[in-house]
1. Any residue that is surrounded by fewer than 11 Cβ atoms within 10 Å (Cβ to Cβ) and in contact (Cβ under 8 Å) with a residue 40 or more places away in the chain - is there at least one of those in segment 253-276?
2. Please verify whether residue 313 is in the same structural domain as residue 210 (by TED's automatic domain parsing), closer than 25 Å to residue 153 by Cβ and surrounded by fewer than 20 Cβ atoms within 10 Å (Cβ to Cβ), treating the condition exactly as stated.
3. Filter segment 333-372 for residues that are under 30 Å from residue 218 (Cβ atoms), free of Cβ contacts under 8 Å to residues at least 40 places away in the same chain and more than 16 Å from the chain's Cα centre (by Cα) and give the result.
4. Just give me the residues in segment 7-23 being part of a loop (DSSP other than H, G, I, E, B) and free of Cβ contacts under 8 Å to residues at least 24 places away in the same chain, in sequence order.
5. Of all residues in segment 189-232, which are at pLDDT 95 or above, over 27 Å from residue 377 (Cα atoms) and in a helix (DSSP H, G or I)?
6. I want to confirm something. Restricting to segment 24-39 and keeping residues that are in contact (Cβ under 8 Å) with a residue 40 or more places away in the chain and farther than 30 Å from residue 185 by Cα, which single residue is farthest from the chain's Cα centre (by Cα)?
7. Within segment 233-252, how many residues turn out to be in a loop (DSSP other than H, G, I, E, B) and buried (at least 16 other Cβ atoms within 10 Å of the Cβ)?
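The values are calculated or read from the model by the stated rules, or taken from the named source; none is laboratory data. What you see is a predicted model; the values in this text were computed from it and never measured. Heads up, the Cβs are rebuilt from the backbone with ideal geometry, glycines too, and the neighbour counts pull from every protein chain shown.
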């Protein structure tokens, strides 16, 4: 067995997502399992280079996990010929410039979303990567969730017949920060810093709908700021200038309609923090992070509306749990494995910067729809 080191510059690992999901649960988990076996006698050994602005925080993480390489100088890291891949999980406003530099340096790039603050920038990144001849990928973690993988299994099996509608509910109450600390960074609620639930979540909804049901052809959205004042990490009040909730309707090629509510100002009364209900002519299903329940048309009850009598049926009990039929690993880690295989063996990979641009486009058009109060067509993107 030959071990081949792949050095990955990881920018933004002091942030919640970069640290927890990408560093600890993906790259370090790969190291704990002995590397990534490519199946041809080669094992890829990921060697992270921790990159960011706060050197003391980076060194603390490095010492905690016995890592060697730490830097606060992006240009120096990108100039290092031993660095193979650049990964970005910084705040959105800093991402586009860093990705441009990494592409110009000839590094393969893998990045969180949104890839840029606007569609023009996102498409330009995809063009630059294509012209430079590097491999590139965008994190699309939701489709690797166990619940959505089981939902896709139903789609692929033709369980639904003709899909009629998709209804999604996402969100939870993010504390304002005055009497209890907020669970999300304060920049998420400042538009000037790249915050907002539309730019954060609509790129997710684009690839979820695209992968499972088809391309989004139109969007109508209402974005709003329910909580106008919040308190930051230092306990200081600030004006929330970004949207914290958005209510969207999406037309999908083939005729299905999706409605997805996204909110950081909603208290959870559902089984999981995100749930999608799919209704079709032959059956329906409800999928969350881990679970998926289905009801076929042959087993569909016949409820009758009668407000004068209490309900005697437990509607949730009328659905059947879709079995795992497999062991599911961490979704972020699984996509990292696919991307690293793509980098080193050229295996097909379609979650690239062009796919990331589609997510940026949908968020951009949704905000325009909200501002103008109308439905907007979503054209296909191309380089």
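1. There is at least one residue in segment 253-276 that is surrounded by fewer than 11 Cβ atoms within 10 Å (Cβ to Cβ) and in contact (Cβ under 8 Å) with a residue 40 or more places away in the chain.
2. Against the criterion (in the same structural domain as residue 210 (by TED's automatic domain parsing), closer than 25 Å to residue 153 by Cβ and surrounded by fewer than 20 Cβ atoms within 10 Å (Cβ to Cβ)), residue 313 does not qualify.
3. Answer for segment 333-372, where residues must be under 30 Å from residue 218 (Cβ atoms), free of Cβ contacts under 8 Å to residues at least 40 places away in the same chain and more than 16 Å from the chain's Cα centre (by Cα): 348, 368, 371, 372.
4. none
5. The one that is at pLDDT 95 or above, over 27 Å from residue 377 (Cα atoms) and in a helix (DSSP H, G or I): 189.
6. 38
7. 4
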